[in-house]
Amino acid sequence: MKLHALQYLRAIAALVVVYSHACIQVPEYKAHVMEFGSFGVDIFFVISGFIMLYISKPNHKPKAFIVNRARRVAPLYWFFTLLMAVIFLIRPSLFANAELRVQALVQSLFFIPHFSDAHPGEVWPIVAPGWSLNYEMYFYALFAASLFLAQRYRLWFISAAILGVFLLAHAIDGSGPFSKFFTDGVVFEFIFGMLLAKAWLSGFRLSSRAGVVLFISGFALLILHSQGQLLASLNMPGIISYGIPATMVVAGTLYIQMPKSDFGLLLGDASYALYLSHIFVLGLLRQVLPPLLGDGPMAAYIFVGVSMVLCLIVSIPVHLYIDNWLLREERLSPSRAPKQREA
């Protein structure tokens, strides 16, 4: 069963991430554009929490679940990770920061949190957007463990585990990558998504008008927070300033009555490809467009606009001809995992 509104939201979330990265590609253009959009990842996390509980069945097995999730996420990520490694070696100038160690490559491929060589202090793999996939894999591991329990206990087990690990990591007060990884408040956004799924599956509904209000309000709060214009003096933690508005956006999307659009569904399906491929497209455009566009605000606007369009265009064949091919090879395997519903 497909919740087509969530598919549209996936595309929107990926696009705002692309926008945020396009804004910072050219130093001379940064002063002319309003940077925001990293909160697209917060929306993704809430959606992920919702979907995992939504598709969960009493008879789902931990091994089948984790294999299914890994097969869905890993192939395309590995493709771009290895592509990044090759480009680092032959054309590092395509990226603003390009560092590569064998250890970092292995850690990236196996979703092991580690400090980035290219971005000091950040717990990022060599394909920088993959940092969010490390959190996805963490969440999937906890969800797989919860499948040993009866369905009614799964939400509470995962919530308790996330909170327990979060508090333990804070108590240890280490300075390593694992401490920084597990003490990031974004982990609670998965819980917010699961709570939304719990309400949805229990039959709770809002009017389409209320959904629109939630969606617009949530997006407005995310943009204002990203500009430091709201609650800045209160120093609110990210789970409040970003997690709650992101949950409002997802909740609003669930209740807005929208017509089904095949193109919208395609963009939603391609959102994962867009999320991973866009930094490669931006790296190329950063080399090509600025000399043609020159300086000034108009050049900045054109760069960002063209970047978003081209990133979106590239993501569709990446999804159709690379991601789908990789997944097709997995589906043809005799040991393939049982098929599960996707949103």
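Any read-out appearing in this document is the output of simple, stated calculations on the displayed coordinates, not a laboratory observation. Every value quoted in this text rests on a predicted model; they were computed, and no experiment measured them. Cβ atoms come from the backbone with ideal geometry, glycine included; neighbour counts cover every protein chain shown.
Extension gain, Val102 to Ile316, is 73.9 nm, computed as 0.36 nm per intervening residue step minus the present C-alpha separation.
With an a/c value of 1.5 or above and a/b not larger than b/c for the gyration tensor axes a ≥ b ≥ c computed over the alpha-carbon atoms, region 27-146 is described as oblate.
Taken as entire DSSP H runs, the helices of the chain that both span 18 Å or more between Cα atoms along their own long axis and average -1.0 or more on the Kyte-Doolittle scale are 4-23, 40-55, 62-90, 131-146, 151-172, 188-201, 208-226, 271-293, 297-317. Taking Lys and Arg as +1 and Asp and Glu as -1, the other residues whose beta-carbon sits under 13 Å from that of Ile223 total -2. Give the shape of region 99-247 as rounded, prolate or oblate, defined through the alpha-carbon gyration tensor: a ≥ b ≥ c are the square roots of its eigenvalues, a/c under 1.5 means rounded, and otherwise the shape is prolate if a/b is larger than b/c and oblate if not. Note, shape of region 99-247 comes out oblate. The length gained on full extension between Ile24 and Phe110, counted as 0.36 nm times the residue separation minus their Cα-Cα distance, comes to 28.1 nm.
Once the convex hull of all Cα atoms in region 218-290 is built, its volume per residue stands at 155 Å³. Over 30 Å apart at the Cα level, from the set Lys61/Lys198; Lys63/Lys198; Lys30/Lys198, are Lys30/Lys198.
According to the Kirkwood relation over distinct C-alpha pairs, the hydrodynamic radius of region 178-334 is 19.1 Å. For a Förster distance of 22 Å, can you work out the FRET efficiency between the beta-carbons of His119 and Leu167, rounded to the nearest 0.05? So, using R0 = 22 Å, E works out to roughly 0.20. Net charge near Phe181: determine it from the other residues with C-beta under 15 Å of the C-beta of Phe181, scoring Lys and Arg +1 and Asp and Glu -1. Result for the neighbourhood of Phe181: -4. Only Cα pairs under 8 Å and 6+ residues apart enter the sum, and on that basis the relative contact order of the chain stands at 32 percent. Under the Kirkwood approximation applied to all pairs of distinct alpha-carbon atoms, what is the hydrodynamic radius of the chain in Å? In the chain this quantity evaluates to 21.0 Å.
Residue ranges 211-218, 140-147, 174-181 sort as 140-147, 211-218, 174-181 when ordered by packing (mean number of other C-beta atoms within 10 Å per residue, highest first). Calculated mean residue ellipticity at 222 nm for the chain: -21500 deg cm²/dmol, from DSSP H runs with n ≥ 4 weighted as -39500 (n - 2.57), summed, divided by the residue count and rounded to 500.
Nearest 0.05, what FRET efficiency do Leu327 and Trp156 give at R0 = 51 Å with Cβ-Cβ as r? For Leu327 and Trp156, the calculated efficiency is 0.95.
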